[in-house]
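Some notes on the structure that comes next.
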Amino acid sequence: MSGFGGPEVLDLTEVAVPDVGPHEVLVEVEAVGVNRIDLATMRREGLAHGVQLGHVPGIDPAGTVVEVGDSVIDRRVGERVVVRPVIACGTCVWCTDGHDDSCDSLAYVGVHRPGGFAEFVAVPSDNAHPIPEALTFAEAAAFSHSFPVALQMLRERAQVGEGDTVLVTGAAGAVGVAAVQMAKHLGARVIAAAGSSVRAERCLGFGADLAIDYGSRPRFAEEVRDFAPTGVSACIETTGAPHLWEQVVSTMGKRGQIVVCGAHVGGQVALDLFWLFRTRVSITGSAASTRAAFVNALATFSEQGMIAPVHCVVPLAEFHRAFDLLGNRDRVGKVVLGMVRTSV
């Protein structure tokens, strides 16, 4: 990063190969996702306080271990791994209670330390997880920050189970696609709401029972109520869009759960407290995922044959184009940067 702002502050430049600490591994990066967290990091927003010029973003790289620290016993050179972005201290009250996603010293790869927009990245060995054999590097990167987040929102925050009805907004985005598949795995009926007809149609292929194009039908609450007359049990809200929030609250059943993980489309919504206490609806924020959720999501993903859709793989040198694609209304799944290496 040569400045602070939008993707224009990113430059392609030579940097040193990271040093590897005793509890770290060096990963030769093959693929890394392009995320809205990267945009916030460039603007020094949200978690990205203290980011300095020269920083390397990229929270979810996947690649091959090429060096291990002196104290590492759980990883080996040549192993294919995907990086869990969240680094926790392991000793605070949140970590010891199993809530390491709320660690008092929470840090992210690519935000608080150099990330994966590079040929090599050094990460704690605990954050490098073996990639299932059937998964490509690009698919592993698409999985990393999406499926564990979605599973934690559904299972731990909303406590979704057999027979529930779940509404997913932004359902064709990376977390949305994950939420659709994970909700089906948990036994729920799923309503996928996406921003175009193309994106809504793709959601049916991921298992959604009903797909809604809110780009052409912005007032979709009645359609949801036709499908679920008593309201939905839970909503996984990934956008933070005020116009979607209005529809979400109109679809909720009594004692329903709204779990929010995104605010990239506005983030400021109106809340009717009379509606809130009458319906007994709970609104919960969720970010990142625990180590346990990551491990469980990776196993579930592999065992159930789930799909981490990759919209496209863009060469690292074309990173500006990759960020432009984040705004593509027909994009389904993840935009991924791939390393293109030339042999000597």
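Which value in nm describes the separation of the simple spin-label points at D272 and D74, placed 7 Å from the Cα toward the beta carbon?
4.9 nm
Taking only Cα atoms and a 10 Å spring cutoff, compute GNM fluctuations for the chain and point out the largest among S282, S146, S216.
Ranking S282, S146, S216 by mean-square fluctuation puts S216 first.
Relative to a virtual label point 7 Å from the Cα of D330 in the Cα→beta-carbon direction, which members of the range 162-199 show backbone nitrogen distances below 13 Å?
Zone members listed by number: 196-199.
Once the mean 1/r over all distinct Cα pairs of the range 194-344 is inverted, what Kirkwood radius in angstroms do you read off?
On the way: mean 1/r = 0.0558 Å⁻¹.
The answer is 17.9 Å.
Report relative contact order for the range 247-344 in percent, whole number only (criteria: Cα-Cα under 8 Å, sequence separation at least 6). Display every interim value, and only then the final one.
On the way: 78 pairs, mean separation 22.3, N = 98.
About 23 percent, as a whole number.
Which shape class, rounded, prolate or oblate, goes with the range 1-67 when its Cα gyration tensor gives a ≥ b ≥ c as root eigenvalues, a/c under 1.5 marks rounded, and past that a/b bigger than b/c marks prolate? It would help to have the intermediate numbers written out before the result.
Numbers: a/c = 1.83, a/b = 1.76, b/c = 1.04.
Cα axes put the range 1-67 in the prolate bin.
Looking at the square roots a ≥ b ≥ c of the eigenvalues of the Cα gyration tensor of the chain, which shape do they give, rounded for a/c under 1.5, prolate if a/b is larger than b/c, or oblate? Walk me through the intermediate numbers first.
Values: a/c = 1.77, a/b = 1.62, b/c = 1.09.
Prolate, because a/c is 1.5 or more and a/b exceeds b/c.
Given H placed on each backbone N at 1.01 Å, which residues far from K334 in sequence or on other chains put an amide H within less than 5 Å of it?
Result for K334 returns V310, H311.
On a full-extension model of 0.36 nm per residue, what is the gain between V9 and H243, subtracting their alpha-carbon distance, rounded to one decimal in nm? Intermediate results must be reported in sequence, preceding the final value.
Numbers: separation 234, 0.36 × 234 = 84.24 nm, distance 3.13 nm.
In short, 81.1 nm is gained.
Give the distance, in whole Å, between the Cα centre of the range 66-83 and the Cα centre of the range 129-152.
Distance between centres, Cα-based: 18 Å.
Alpha carbon centre of the range 295-344 versus the range 160-237: separation in Å?
Cα centres, the range 295-344 to the range 160-237: 22 Å.
Taking the chain as a Gaussian network, Cα atoms linked when under 10 Å apart, which of R321, R157, R278 shows the biggest mean-square fluctuation?
Top of the fluctuation ranking is R278.
From the phi angles alone, apply the Karplus equation (6.51, -1.76, 1.60; θ = phi - 60°) to the range 247-263 and give each ³J(HN,Hα) in whole Hz, x where the residue is Gly or Pro.
Each residue's phi maps through the Karplus curve to give 6, 4, 5, 7, 9, 6, x, 4, 6, x, 10, 9, 10, 10, 10, x, 8 Hz.
Listed highest first by mean packing, meaning other Cβ atoms within 10 Å per residue, what order do 5-12, 25-32 come in? Show your work: numbers first, answer last.
Values: 5-12: 13.4, 25-32: 24.9.
Most protected by this proxy first, the peptides run 25-32, 5-12.
About its Cα centre, how strong a charge dipole does the chain have in debye, to the nearest 20, once Lys and Arg get +1 and Asp and Glu get -1 at the Cβ? It would help to have the intermediate numbers written out before the result.
On the way: 27 positive and 38 negative charges, 216 e Å.
Dipole size: approximately 1040 debye.
For E162, project a label point 7 Å along Cα to C-beta. Then give me every residue of the range 216-243 with its amide nitrogen under 20 Å of that point.
Backbone N within reach: 233-234.
Please give the contour-minus-distance gain from L204 to V93: 0.36 nm per residue of separation, less the Cα-Cα distance, rounded to one decimal in nm.
On the way: separation 111, 0.36 × 111 = 39.96 nm, distance 4.15 nm.
Extra length from L204 to V93 when fully extended: 35.8 nm.
Using only the Cα atoms of the range 217-282, build the gyration tensor, take square roots of its eigenvalues as a ≥ b ≥ c, and label the shape rounded, prolate or oblate: rounded if a/c is under 1.5, else prolate if a/b is larger than b/c, else oblate.
Numbers: a/c = 1.68, a/b = 1.23, b/c = 1.37.
It is oblate, given that a/c is not under 1.5 and a/b is not larger than b/c.
Relative contact order for the chain: what percent, with Cα pairs under 8 Å and sequence separation of 6 or more?
Numbers: 792 pairs, mean separation 58.6, N = 344.
Relative contact order comes out at 17 percent.
Tell me which residues come under 5 Å, amide H to amide H, from V190 once H is placed; ignore anything under 5 positions away on its chain.
The answer is V166, D209, L210.
Quick check: the angle from helix 291-303's long axis to the longest principal axis of the chain, C-alpha only, nearest 10 degrees?
The angle comes out at about 80 degrees.
For the chain, set up a GNM with springs between Cα atoms under 10 Å and report which of P148, P218, P309 has the largest fluctuation.
The residue that fluctuates most here is P218.
Helix-only estimate, please: 222 nm mean residue ellipticity of the chain, summing -39500 (n - 2.57) across DSSP H runs of length 4 or more and dividing by its residues, to the nearest 500. Each step should come with its number before you reach the end.
Values: 11 runs with 89 residues, N = 344.
Helix contribution divided over all residues of the chain: -7000 deg cm²/dmol.
Quick one: what are the phi-derived ³J(HN,Hα) couplings along the range 152-169, Karplus 6.51/-1.76/1.60 with θ = phi - 60°, whole Hz, x for glycine and proline?
Once θ is set to phi - 60°, the couplings for the range 152-169 become 5, 4, 6, 7, 8, 7, 8, 6, 6, x, 4, x, 6, 10, 10, 9, 10, 9 Hz.
Each residue of the range 129-139 in order: what ³J(HN,Hα) in whole Hz does its phi give by Karplus 6.51 cos²θ - 1.76 cosθ + 1.60, θ = phi - 60°, with x for Gly and Pro?
Residue by residue, the range 129-139 yields 10, x, 8, x, 4, 6, 8, 7, 4, 5, 5 Hz.
Counting only DSSP beta bridges with both residues in the chain, tell me the antiparallel percent, nearest 5. Each step should come with its number before you reach the end.
Working: 22 of 50 bridges.
Beta bridges within the chain, antiparallel portion: roughly 45 percent.
Since every read-out is calculated from the coordinates, none of them should be taken as a lab result. For clarity, every value in this text was computed on a predicted model and none was experimentally measured. A quick note on method: Cβ atoms are made from the backbone with ideal geometry, for glycine too, and the neighbour counts reach across all protein chains shown.
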